[in-house]
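One structure is given here, and the rest of the page talks about it.
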Amino acid sequence: MYDVIVIGAGPAGMMASIIASKTKKVLLLEKNDIAGKKLLITGGGRCNVTNLKDTRSFLEEVEYNKKYLYSAIHQFGPKDIYDFFTSKKIPLKEEKENHIFPVDNKASSILYGLLQSMKKVDIKYRENVIDIKIKEDNKEVITQKGTYTAKKIVIATGGTSFKETGSTGDHMRFAKIISQPTIKLFPAETYLELKEALPDLAGTSFEEVEVAFLKKKRTGNLIFTHKGVSGSAIMKISEFVYLNKEKTITIDLLPKISIEALVQELQAFDREKELASFLKKYFSKRFNTYILNKYNMTGKIKAYHIKNIIRLFENLKAFKLEVSNVGSIEKAYVTGGGIDLKYIDTKSMESKLSKGIYFVGEALDIHGPIGGYNITLALSTGYAAGIHISDH
Ligand SMILES: Cc1cc2nc3c(=O)[nH]c(=O)nc-3n(C[C@H](O)[C@H](O)[C@H](O)COP(=O)(O)OP(=O)(O)OC[C@H]3O[C@@H](n4cnc5c(N)ncnc54)[C@H](O)[C@@H]3O)c2cc1C
C-alpha cells in the first residue's frame, strides 16, 4: 500500500514523485524500461529545459489556457526550475530568447538531475498501466504485471505525440473510466504541408520571419521542406491553422526592415547591378533565383520601374502560402487538448470531481510554443501536485 502512485516517468511524473516523496510513500510506474524517453529527444537531444522569462512574460507567450496556469507557474516557475537543476550540480546556460539548456548540451544530464532526486521514490519500469479503479477508501492501479493500491493517483502519461516514446494518450482512457471531462486532442507545434509545395526550395531556411494567420502573428525561423514549411515560426502558428477553416498563411520574410527602408537602400545601390546582388544581403542564392524567376525580374536594377521593385518588396513582406495539411498529431511536438482544466483545481492539479486523482503535464489541456515552455509546464504542474500531496 502506497500513499500515492504516479503513472508515467516523464518530467511531470518525475517532479510530482520527487516532491510528494518528501513526506509520502511514492510508487512511480513507467511502461518503458527507462524514464524520460521523450525528454531525451527534446531540443534535438540537448533539452531546452525551461525559458527564463519572468512569470508574466512567460505566461504571455504560453497564451493557450494561461489563466489556469498562474498558480502552478507562481509556485514553481522558470527560475525555480533553473535553481532546481543547478542545485543538483547540473550547470545550465542561456541561449537566445531566454532558452535554457544544460551546459554540456545533453538531455541526459537533465534526466540525471531528476533521477538522482528520486532516491525516496519506488520506481518500477515495464509497468504498463491498463486500468484504474476507485474504491471507497483507496484506489487501484492495474498493470499487465499486477495490482497496486494507494490513497492517491497522479496521472502523468503525457500527450499522444511521438508514440514511440511511450505517450500514447492513455490519460484519455483513464479520464473516461472516472468520468473526467476532456477536450478533443489536436496537433500543436507541427509542420505545414502546402497546396503547391516548392520542392526547389527544400532545405532553404530563413533565420527570422514573421508568420501571420488571421489575427495571430508569430516570429521564429522557417525552413522549406519537400512538401511544405517547418521551423519554429511555422510550428507556433500551426495549431491555429489546424483549428480554422481558413488555410492561407502570410509570411514577412523581411520582418526587420520596412519597405521604405528597402527602397532607400536600393536607391543608394548601384543600378548597373542585378537585383539579385541587391537581395543577396537578405536571402540565399537559391531563394533569390526562385523569387526573381517567379516575378520575371532577373535583370539589372535599372531595367525595372521602381513601382515594380516595390511590388516585389511587398510580396517578400507578405509572401502567401496556401496550406493543404497540418502535420499529424503523432508527429507534432506537443499534443493540444486533453484533461479539461475547468474540472481541475489548478492550484493542486487535483480533479474537482474525483478526490485523490491528479492530472499533470501534457495530459492536461495545456501547451506552450517551442522554446522550453512545455517541459516547464510539465515540471510546474508536477510540482503543484507533488507539494499538495506532500502537505496533505
Ligand atoms: C521531438 C520533441 C522535442 C521536444 N523538445 C522540447 C524542448 O526542447 N523543450 C520543451 O520544453 N519541450 C519540448 N518538447 C515537448 C516535451 O517533451 C513534452 O511536452 C514533455 O515531455 C511532456 O512531459 P510529460 O511528463 O507530461 O509527458 P511525457 O514526457 O510524454 O512522459 C509521459 C510518460 O508516461 C509514460 N506512460 C504513458 N502511458 C503510460 C501507462 N499507461 N503506464 C505507464 N506509463 C505510461 C510514458 O512512457 C512516458 O514516459 C519536445 C517534444 C518532442 C516530441
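Residues that are within 11 Å of the ligand (Cβ to nearest atom), small (G, A, S) and in contact (Cβ under 8 Å) with a residue 60 or more places away in the chain, at least 1 per element: which strands (runs of 3 or more DSSP E) completely within segment 301-384 meet that?
Details: elements: 319-326, 334-339, 357-359.
Result: 334-339.
Would you check which residues across segment 134-166 are more than 24 Å from S348 (Cα to Cα) and of a type in the set (D, E) and list them?
Matches in segment 134-166: E164 only.
So which of S117, S17 is polar (S, T, N, Q) and more than 13 Å from the ligand (Cβ to nearest atom)?
S117
Which one of K151, K124, K133 is within 14 Å of the ligand (Cβ to nearest atom) and surrounded by fewer than 19 Cβ atoms within 10 Å (Cβ to Cβ)?
Going through K151, K124, K133 in turn, just one is within 14 Å of the ligand (Cβ to nearest atom) and surrounded by fewer than 19 Cβ atoms within 10 Å (Cβ to Cβ): K124.
The conditions are (1) modelled with pLDDT under 95; (2) assigned by TED's automatic domain parsing to the domain that holds S179; (3) not aromatic (F, W, Y), and L341 fails exactly one of them. Which is it?
Of the numbered conditions (1) modelled with pLDDT under 95; (2) assigned by TED's automatic domain parsing to the domain that holds S179; (3) not aromatic (F, W, Y), the odd one out for L341 is (1).
Please verify whether Y383 is in the same structural domain as G44 (by TED's automatic domain parsing), buried (at least 18 other Cβ atoms within 10 Å of the Cβ), of a type in the set (S, T, Y) and within 28 Å of T225 (Cβ to Cβ), treating the condition exactly as stated.
No; evaluated as a whole, the condition is false for this residue.
Among the candidates E210, E239, which residue alone is more than 26 Å from N288 (Cα to Cα), surrounded by 17 or more Cβ atoms within 10 Å (Cβ to Cβ) and touching a residue at least 12 places away in the same chain (Cβ under 8 Å)?
Answer to the selection: E239.
Answer yes or no: is there a residue in segment 336-356 that is within 30 Å of K195 (Cβ to Cβ) and touching a strand residue (DSSP E or B) at 6+ places or on another chain (Cβ under 8 Å). Reasoning before the result, please.
Step one: list which residues in segment 336-356 are within 30 Å of K195 (Cβ to Cβ), which gives 336-337.
In the following step, the residues that additionally are touching a strand residue (DSSP E or B) at 6+ places or on another chain (Cβ under 8 Å) were identified as 336-337.
Yes, segment 336-356 contains a residue that is within 30 Å of K195 (Cβ to Cβ) and touching a strand residue (DSSP E or B) at 6+ places or on another chain (Cβ under 8 Å).
For the list (1) more than 23 Å from F162 (Cα to Cα); (2) free of Cβ contacts under 8 Å to residues at least 60 places away in the same chain, I need the number of the one condition that G44 fails.
Unmet for G44, out of (1) more than 23 Å from F162 (Cα to Cα); (2) free of Cβ contacts under 8 Å to residues at least 60 places away in the same chain: (1).
Only one of T147, T182, T157, T143 is under 26 Å from S390 (Cα atoms) and in contact with a helix residue (DSSP H, G or I) (Cβ under 6 Å, 6 or more places away or on another chain); which? Steps first, answer last, please.
Values: T147 fails: in contact with a helix residue (DSSP H, G or I) (Cβ under 6 Å, 6 or more places away or on another chain); T182 fails: under 26 Å from S390 (Cα atoms); T143 fails: in contact with a helix residue (DSSP H, G or I) (Cβ under 6 Å, 6 or more places away or on another chain).
Answer to the selection: T157.
For I310, state whether it is crowded, with 18+ Cβ neighbours inside 10 Å, out of contact with any Lys or Arg (no Cβ under 9 Å at 6 or more places or on another chain) and either acidic (D, E) or farther than 30 Å from G43 by Cβ (or both).
So I310 does not fit the description; no.
Considering only residues that are within 15 Å of the ligand (Cβ to nearest atom), surrounded by fewer than 18 Cβ atoms within 10 Å (Cβ to Cβ) and assigned to a loop (DSSP other than H, G, I, E, B), which ones fall in segment 169-199?
I178
The values are calculated or read from the model by the stated rules, or taken from the named source; none is laboratory data. Everything numeric in this text was worked out from a predicted model, so none of it was measured. Every residue, glycine among them, receives a Cβ derived from its backbone with ideal geometry; neighbour counts consider all protein chains shown.
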